[in-house]
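For reference, the structure discussed in these notes is given below.
The values are calculated or read from the model by the stated rules, or taken from the named source; none is laboratory data. All figures in this text were calculated on a predicted structure; none of them were measured in a lab. Here the Cβ positions follow ideal geometry from the backbone for every residue, glycine too, while neighbour counts run over all protein chains shown. Accessible surface is based on the protein model in full, side chains and every heavy atom, while ligands, DNA and RNA are left aside. Shrake-Rupley method; radii C 1.70, N 1.55, O 1.52, S 1.80 Å.
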Amino acid sequence: MGLLRVLFELIFLPPRREFTPVPDEWPPDGSLHFIKCTEEAQKSIPGTHIQYEFGSNVGEDDYRIVKLSLEIMKRFCGYKRVLTKISSVTEFPKKEKWVPERFTIRYNRFLENSDSSIPIYLRDENTLFLLTQSFDGKAFWANKEVSTADYCYFHFYLLPDALMIHNAKDAAEAVDAGKYDVWFELVEYGPCALNVILNAETVDAKSLQAVIEKVCKENDILFLNPPGAEV
């Protein structure tokens, strides 16, 4: 009977999700957190900055985080300037006679042909920067809708008000030098999360958490940091 039961479950029952065991007082499955990352993660960023994560308390494949993150960034950035960095990371075989066109190239051409007023900077075929007044997620959604052979990562930088820069090239050089208030890195797969690196001297992490809590509540999602989590 044991073998028959196993076969029945494999055929007729939905697959079971396996989660890493957590303490009894840990937030429940489906809840989300905003927590300070480990000290090890802090070593690779400027001394004035702190790294946080907006993610799932249980499991790593909660794709709700992507849509929520876009809304969170839009609200938190308001009408301040944002630099979007699109990185095409797929490596194509060099011996191929025909190499697929990257999304960065296609989107750059789209903006140029549409007479867009958005300042753009194509650093190379793998990297495109867009400078906008307020957060703009159009490029992210375009990447989902356009069929391309490459995979892209999206980074969004909230620029300081005092940074008097109005072109994407200078803005890209500024963020490379660590001159940004917040760096949002949207990670869609393995694990799905919004990595946040903020300048603790200019940005209050609790104000960002307040936005996160509000967006989660509006979407009927439990926001609850684990016991002892530091913000």
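Here is how the numbers come out for the structure above:
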item: Two-site label geometry, ILE118 and LEU224: point separation in nm, points 7 Å out along Cα→Cβ; result: 3.9 nm
item: Counted charge near SER116, where neighbours are those whose Cβ lies closer than 12 Å (Asp, Glu -1; Lys, Arg +1); result: -1
item: Alpha-carbon Rg with Dmax, taken over region 62-174, Å; result: 14.8, 48
item: For GLU173, solvent-accessible area (1.4 Å; no DNA, RNA or ligand), Å²; result: 90 Å²
item: Bins of 5 Å from zero: percent of alpha-carbon pairs in the chain; result: 1, 6, 12, 15, 16, 15, 12, 9, 6, 4, 2, 1, 1, 0, 0
item: Folded to 0 to 90 degrees: helix 103-113 orientation relative to the chain principal axis, Cα; result: 40 degrees
item: Accessible-area ranking of SER56, SER44, largest first, probe 1.4 Å; result: SER44, SER56
item: Whole-percent carbon and sulfur share, accessible surface of the chain, 1.4 Å; result: 54 percent
item: Average accessible surface area per residue within region 87-226, 1.4 Å rolling probe, Å²; result: 55 Å²
item: Degrees between helix 2-12 axis and first principal axis of the chain (Cα, 0 to 90, nearest 10); result: 40 degrees
item: Angle in degrees between helix 64-77 and the longest Cα principal axis of the chain, rounded to the nearest 10; result: 40 degrees
item: Between region 51-126 and region 135-161, the alpha-carbon center distance in angstrom; result: 2 Å
item: Choice from PHE129, PHE54, PHE140 with maximal GNM fluctuation in the chain (Cα, 10 Å cutoff); result: PHE140
item: Candidates ASP150, ASP176, ASP115, ranked by Gaussian network fluctuation over the chain, Cα under 10 Å, top entry; result: ASP115
item: Cut-off 14 Å between beta-carbons: net charge of the residues surrounding SER87, Lys and Arg +1, Asp and Glu -1; result: -4
item: Column: log10 I(q)/I(0), Debye, Cα scatterers of region 102-223, q = 0.14, 0.22 Å⁻¹; result: -0.73, -1.42
